[in-house]
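Trainee: Sharing a structure, written as structure tokens. Questions coming.
Laboratory data are not the source of any read-out in this text; all were calculated from the coordinates shown. Small disclaimer: the values here were computed from a predicted structure and weren't measured. Quick reminder, even Gly has a Cβ in these numbers, built from the backbone with ideal geometry, and neighbours come from all protein chains shown.
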Amino acid sequence: MPRETVLVTGGTGFIAGWCSVELLRRGYAVRATLRNRAKEAAVRASISSAVDAGDRLTFVAADLTRDEGWNAAAEGCDFVLHVASPLGSGSSRNADAFIVPARDGTLRVLRAATGARVRRVVMTSAAAAARPPVDSGRVADEAIWADPADPQFDAYRVSKILAERAAWDFMAANGGATSFATILPGAVFGPVLTKEALGSANIIQRLLEGRFSGMPRLGFSVVDVRDLADLHIRAMTAPEAAGQRFIAAGEFVWMEDIARTLRSQLGARASKVPTRTLPDFAVRFLSLFVPSLRSLTPALGRVNKLPAEKARRLLGFSPRDVRATIVDCAESLLSGS
């Protein structure tokens, strides 16, 4: 039987790397996109540290900001996992630096995928895209479409909201034989394959390095990157996933809980992890001088839980214990992976 091929966009990324690993473990061939083919050897080595890829892992050059390469990347593929998105602190004053490549890049991927008649595209969005307004009394839900003009969202999250909306509109008009689904993850932790692109795992890295003088009263609904990769594949293959959005998240934890877990499980290796909590007024004051903190102030002290019942019910999503995720993330960072 011919081997099925999956195009994974953003091959250097934290989530994309684990999607590639899990696909390879299940017998698929993976074609990963890179903006720069000079990174091919490093990406192959990081993925090969977790799975024997053999000749089933290949790479193609394609950039979200350019048309070239996408048709060739999608040609002959059975599925596409569109994971790539521009990253950053979210503090850029130029929102278009995030929005344009995220939205236009997504449309480039979808044009190529539908042109190649792949069976399904699964896109990585963000839980923010299903978040209601602050103080609305509502809980995040897949039926909610976040307002990109809502001041609680930074440029990165706005880019994810607009890119997902544009994707659904495009697929409604042009999907044809290609079905579509989106995954909306919370904060993504878990073991890193490389320190090149840490994503949310950078929070754990900064705690271990003692780069926080204290911990703001911030909390996250965490999803393990391995469980997230598994959910992408379930959404790729399950008939009932077509045309659906899925929140991907497990337990809600405060940064104080994360720090406590690190100190209790890692002992002396977590000696730099702060023990004190910063009062909200101090964080708000610091945000006047530290742009990256400004987008965090609306979330201070708020419990933004992300229910993942739909993913559990339709796709059998079963997130692991958040403490194991935190420790596995820290262990991989400390090991120099």
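Trainee: So which residues in segment 42-62 are farther than 20 Å from Pro191 by Cα and out of contact with any strand residue (DSSP E or B) (no Cβ under 9 Å at 6 or more places or on another chain), if there are any at all?
Mentor: If the condition is that a residue be farther than 20 Å from Pro191 by Cα and out of contact with any strand residue (DSSP E or B) (no Cβ under 9 Å at 6 or more places or on another chain), then Gly54 is the only one that fits.
Trainee: I need a count of the residues in segment 266-290 that are polar (S, T, N, Q), surrounded by 13 or more Cβ atoms within 10 Å (Cβ to Cβ) and either within 26 Å of the chain's Cα centre (by Cα) or part of a loop (DSSP other than H, G, I, E, B) (or both).
Mentor: Number of matching residues: 1.
Conditions tested, residue by residue: (1) surrounded by fewer than 20 Cβ atoms within 10 Å (Cβ to Cβ); (2) of a type in the set (Val, Ile, Thr).
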site: Pro101; (1), (2): no, no
site: Val109; (1), (2): no, yes
site: Ala112; (1), (2): no, no
site: Arg120; (1), (2): no, no
site: Ser125; (1), (2): no, no
site: Ala130; (1), (2): no, no
site: Asp135; (1), (2): yes, no
site: Ala155; (1), (2): no, no
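Trainee: Please enumerate the residues belonging to segment 60-73 that are among the charged types (D, E, K, R) and surrounded by fewer than 15 Cβ atoms within 10 Å (Cβ to Cβ).
Mentor: Of the residues in segment 60-73, the ones among the charged types (D, E, K, R) are 63, 66-68.
Matches in segment 60-73: Arg66, Asp67, Glu68.
Trainee: Would you confirm whether any residue within segment 81-103 is in a loop (DSSP other than H, G, I, E, B) and charged (D, E, K, R)? Even if it seems obvious, please write down each step before you answer.
Mentor: Quick first cut of segment 81-103, residues in a loop (DSSP other than H, G, I, E, B) only: 83-95.
This time we only want the ones that are charged (D, E, K, R), so: 93.
Yes: one or more hits.
Trainee: OK, next. Return the pair list, or none, for Cβ contacts closer than 6 Å from residues in segment 30-55 that are under 23 Å from Ala112 (Cβ atoms) to residues that are acidic (Asp, Glu) and surrounded by fewer than 21 Cβ atoms within 10 Å (Cβ to Cβ), at least 6 apart or on different chains.
Mentor: Qualifying pairs under 6 Å: Arg35/Asp63.
Trainee: Let me ask something else about it. Determine the pairs where a residue that is at positive phi, located within segment 115-129, has a partner that is crowded, with 19+ Cβ neighbours inside 10 Å and outside any strand (DSSP E or B) with Cβ atoms under 9 Å apart, the partner being 6 or more residues away or on another chain.
Mentor: Taking only residues 6 or more apart or on different chains, the pairs are Arg117/Thr178.
Trainee: Taking segment 23-59, which residues are in a strand (DSSP E or B) and either touching a Pro at 6+ places or on another chain (Cβ under 7 Å) or buried (at least 18 other Cβ atoms within 10 Å of the Cβ) (or both)? So that I can check it myself, show each step before the final result.
Mentor: The initial filter retains those residues of segment 23-59 that are in a strand (DSSP E or B), namely 29-34, 57-59.
Those that are in a strand (DSSP E or B) and either touching a Pro at 6+ places or on another chain (Cβ under 7 Å) or buried (at least 18 other Cβ atoms within 10 Å of the Cβ) (or both): Ala29, Val30, Arg31, Ala32, Thr33, Leu34, Leu57, Phe59.
Trainee: Now a separate question. How many residues does segment 197-221 contain that are of a type in the set (Ser, Thr, Tyr) and part of a loop (DSSP other than H, G, I, E, B)?
Mentor: Total satisfying the criteria: 1.
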